[in-house]
Each structure stands twice: as structure tokens, then as C-alpha cells.
1. (1) without any contact (Cβ under 8 Å) to a residue 60 or more places away in the chain; (2) of a type outside the set (V, I, T); (3) surrounded by fewer than 23 Cβ atoms within 10 Å (Cβ to Cβ): which one isn't true of L3, the others all being true?
2. Tell me which of these T106 doesn't satisfy, since it passes every other one: (1) β-branched (V, I, T); (2) crowded, with 16+ Cβ neighbours inside 10 Å; (3) more than 25 Å from A26 (Cα to Cα).
3. Where residues in region 39-94 are out of contact with any helix residue (DSSP H, G or I) (no Cβ under 8 Å at 6 or more places or on another chain) and hydrophobic (A, V, I, L, M, F, W, C), which of them is surrounded by the fewest Cβ atoms within 10 Å (Cβ to Cβ)?
4. Can you tell which of Q130, Q110 is within 19 Å of the chain's Cα centre (by Cα) and at pLDDT below 95?
5. In region 154-177, which residue that is of a type in the set (S, T, Y) and within 17 Å of the chain's Cα centre (by Cα) is modelled with the highest pLDDT?
6. Please find, among S35, S46, S64, S78, the residue that is touching a Pro at 6+ places or on another chain (Cβ under 8 Å) and of a type in the set (S, T, Y).
Amino acid sequence: MKLQSSTVLLTGASGGIGNALAREFAARGARLLISGRDTAKLATLSAELRSRGAEVSVLPADLSTAEGAERLAHAALSGGVPDLVVHCAGGMSFGRLDAVPAEAITRLWQTNVIAPSLLTRALLPALRKQARGRLVFVGSIFGSLAFPMYASYSATKFALRGFAEALRRELDGSGIGVTYVAPRYTRTALNDGAPARIAQALAMHQDEPAAVAARIADAIERDRREVYFGFAERIFVKLNAWFPWLVDRGLRAQTQRMRELEPAAAGLPRQA
């Protein structure tokens, strides 16, 4: 689908990849419905995009609650049916599982899995009626390659990937496409602190949000089903699917290094 003149509902627009996606979509001529929790950041972003000639509406929403997802769906549909829905809002939790607070795990599942599921469910009748559109789910390479110290985060991204895959098959023939995107480590505020130190110490490949956003936009315009970032990461995903025990061995040294660097790092999930 072409982004030019398309109406795009974008969650998580107040930071990170979502913020970069808003700029990329606007540059390609899309009409934007941007959503996020930080109203000040959304206002700044919308003013910037409007100054460049973009058509932007701001729909603040806290997707850590079921009510937030329902309200966002209602607001998005009040002016018509979006052509494209991009689920980019998400949270991240890092640290040993036994050091992560129970409420952090609950909030992470609500934001990363339940919210996009409920928002999609609320929008589907309208999308089915117009018989066209595309749903995009921004996951993670950790949704195919479970990583130590990211147990809860990996689990939510595995779930999101499964949701997108099942939904794609469910909607086959409806005119509604589904795209799942799996970025690798991206330099965003979500990854500040311990994750950034770990990434640097382990020499992980790192991407800038703008580069990730451009590739996602390209995938949408090409009607891609899945996009995985990084050649080495894609190899590891394939290897993990067929020979997980080899990946277990391959990650032992990295796991030990992570334990040494952040033996007790944990906390409430960060959200975008």
C-alpha cells in the first residue's frame, strides 16, 4: 500500500521508533493519527510535523489499561477508518526474573500484548467493512530469539509475533494485510541505562530509530509480511528454531558477562 494520502493510526508516537515513524510517514505524505502517553511530546511532535505541511491529529492514550485501548479505538474511528494501523507502543523490562517486580510483569503484558490485541479487536469490524487496510505489529528480534535477562520482555514479543501470525491467517482473503516487524537493538530512551551498557559491552549491532522507521515504511509500501533486522540476527533466529541447544551454548559467555555487569538490574518496564 502507498503511504501517500493514507490515514495512519500510530501508537507509541511519543518516543523512540514510534516518533521516528511519525516523521517518516509524514514525509511520505500520510495523514497521521498519533497516540501515546506523553501529551507534551505528542504536542511538540504534531507542531513540528504540521509546520512541514503534514495533516496530524493527536489522540493521547495510556495503553497500559484495557480502557485506554477501547477509548483510542473509539477516537480513531470517530473521523473515519484508518488505512493503516501501526502498533508501536511497548514496554521493556531488563534484569533477572526474580528481581523484577510482579506488577512490572503484569504491566509489560498489558502494554505489549493485551493492548494491541484489544485495539485490533475494536478496529476490526470497521476494517472488515471497508475490506482493505494493513495492521503492523512492531515486535523484536527477541520475539524469536529468547535472550537472558529479558525473560518477560522476550515472552511478550513471542506472544505478539504469534498473534500477528495467527491474525494474518485469519484475515486471509479479507483485504486486510498483516506485517510483523522485528527490530534488533535500537538506540532509544527505552534502552537507556543497563540495556545500553550491556549492548555496548557485548558489541551488539545497534540501529538508529530513523533507519528502522525508513525500513518499516518501505516494508509497508511493499506489502511485506515480515521484516527481520540484521543478517547475523536472522541466522540466529533460524538456528534457534532448528537447533536451540546450539544457541544455548553460544549465549553462555554472553549470559555470564551480563550477570557480571548487571547482577541485580531490574525495575518497572519502560514504555513508549
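1. Here L3 meets the rest and fails (1).
2. Here T106 meets the rest and fails (2).
3. Out of the qualifying residues, it is A40.
4. Q110
5. T156
6. S35
The values are calculated or read from the model by the stated rules, or taken from the named source; none is laboratory data. The structure presented is a predicted model; accordingly, all values stated were derived computationally and were not measured. In this analysis, Cβ positions are derived from the backbone assuming ideal geometry, glycine residues included, and neighbour counts consider all displayed protein chains.
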